[in-house]
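Bear in mind these aren't lab numbers, they're just calculated from the coordinates by the rules spelled out. Owing to the predicted nature of the structure, the values given are computational and were not obtained by experimental measurement. Here Cβ is always computed from backbone atoms with ideal geometry, including for glycine, and neighbour counts include all displayed protein chains.
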Amino acid sequence: MKNLLILTGLLLGVMVINAQSSLTAKQIAEKAKDISEVDALEMVSTLTIIDAKGRERVRKTSSASKKFGEQTKTLMKFLAPADVKGTGMLIYDNEESNDDMWIYMPALRKTRRIVSSDKSKSFMGSEFANSDMSIPSMSDFNYTLGKNQVIDGQECYEVISTPVNEDIADENGSAKRITYISVDKFLTLKQLVYDLDEDLWKEMTYSGYYLIDTVNKKYMAKKMEVKNVQNDRRSIMTMDKVQLGSSLTESHFTTSYLEK
């Protein structure tokens with residue numbers, strides 16, 4: 001009986017591996033996206049910006065995200081230091097169309113819409129781009145599979161995504177991304193970003209994953225780090241406090257509320 005149970009377990013393991021190996025690159029990317037999406041959350045995070053000489057600037061932010069129909073809305077506010085306190089960002093993450101973004105600058109007392117050409121630009125002086133603050137539309141990219149790789153001791157799919165046209169490439173400032181997604185849980189562990197000349201531009205890593213939603217099996221990374229290999233600057237985003245769910249209503253996710 002014991003040998004039969006072992007054999008059954010082995011067969012089931014082979015079936016799972018075979019099922020996963022038959023997935024297309026886009027299906028793997030979709031699973032990686034789904035595994036980290038929740039309907040609502042609030043969090044406090046720290047953004048550390050490190051220049052080529054190792055000098056650091058630290059910024060604290062609070063944010064809330066909530067899904068309304070096919071649209072996820074995010075409201076972000078900077079808490080410290082004083083020179084950025086009150087700066088806010090509003091994002092409407094659309095499923096199948098371009099995302100909408102606005103930024104509020106308290107010194108100017110004005111909210112400005114972030115146009116497509118600005119989405120590839122730096123997010124508040126960091127190596128993260130404005131476009132990194134939202135989830136890209138799957139339809140904006142073509143997906144192909146490379147060779148499986150081992151990242152931090154975990155076997156990963158290698159998913160290569162390229163923009164479907166030049167406008168999308170210009171908007172993201174990137175000609176190609178190579179994403180490494182764990183075979184067992186579909187967690188994104190690493191991403192290589194190539195500029196419009198197809199030279200390696202940024203290396204992004206995601207670590208400290210934990211199960212944020214035990215019911216729906218959703219995971220969240222506690223730390224995201226991006227290194228610009230072209231200028232040797234780094235930026236680190238750490239999630240200090242995270243709360244699943246949010247009591248905010250849709251009226252809070254507006255430009256008028258952003259300015260309060």
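Before moving on, here are some points about what is shown:
- Placed amide H near Leu187: partners under 5 Å, 5+ positions off or other chain: Ser182
- Each residue of the stretch 71-83 is assigned a 3J(HN,Hα), and the resulting list reads 10, 9, 10, 10, 10, 10, 10, 8, 9, 6, x, 4, 6 Hz, derived from the Karplus form 6.51 cos²θ - 1.76 cosθ + 1.60 (θ = phi - 60°), x at Gly and Pro.
- In the chain, the calculated helix contribution to ellipticity at 222 nm averages -5000 deg cm²/dmol per residue, counting -39,500 (n - 2.57) for every DSSP H run with n ≥ 4.
- Between Glu127 and Ser235, the built amide H atoms are under 5 Å apart, and every one of these is 5 or more places off in sequence or on another chain.
- Compared with the dominant Cα axis of the chain, that is its longest principal axis, helix 25-35 is turned about 70°.
- Under Karplus coefficients 6.51, -1.76 and 1.60, residue-wise ³J(HN,Hα) of the stretch 223-234 in Hz, glycine/proline x: 9, 10, 10, 10, 10, 8, 6, 8, 10, 6, 9, 9
- Tally of Lys pairs whose C-alpha atoms are under 21 Å apart, taken over the stretch 136-260, 8 or more apart or cross-chain: 24
- Among the trypsin sites (Lys or Arg not before Pro) in the stretch 97-184, those located in a DSSP loop and surrounded by at most 15 other Cβ atoms within 10 Å of their own Cβ are Arg109, Lys121, Lys147.
- Among the trypsin sites (Lys or Arg not before Pro) found in the stretch 51-87, those both in a DSSP coil and sparsely packed, with 15 or fewer other Cβ atoms within 10 Å of their Cβ, are Lys53, Arg55, Lys85.
- Among the GluC sites (Glu not before Pro) found in the stretch 172-259, those both in a DSSP coil and sparsely packed, with 12 or fewer other Cβ atoms within 10 Å of their Cβ, are Glu198.
- Phe68-Thr214 pseudo-label distance in nm [points 7 Å out on the Cα-to-Cβ vector]: 3.2
- Charge dipole of the chain (Cα centre as origin; +1 on each Lys and Arg Cβ, -1 on each Asp and Glu Cβ, all else neutral): 1060 debye, rounded to the nearest 20.
- Helix 2-21 axis, angle to the chain major axis (alpha carbon atoms, nearest 10°): 50
- When only alpha carbons of the stretch 23-258 are considered, Rg and Dmax amount to 17.3, 50 Å.
- Annotation: amide H-H contacts under 5 Å for Tyr209 (H modelled 1.01 Å from N, sequence separation of 5 or more, or interchain): Lys222.
- 12 Å beta-carbon shell around Asp100, net charge (K/R +1, D/E -1): +1
- Two-decimal ratio, the stretch 148-249, of alpha-carbon radius of gyration to 2.2 N^0.38 Å: 1.23
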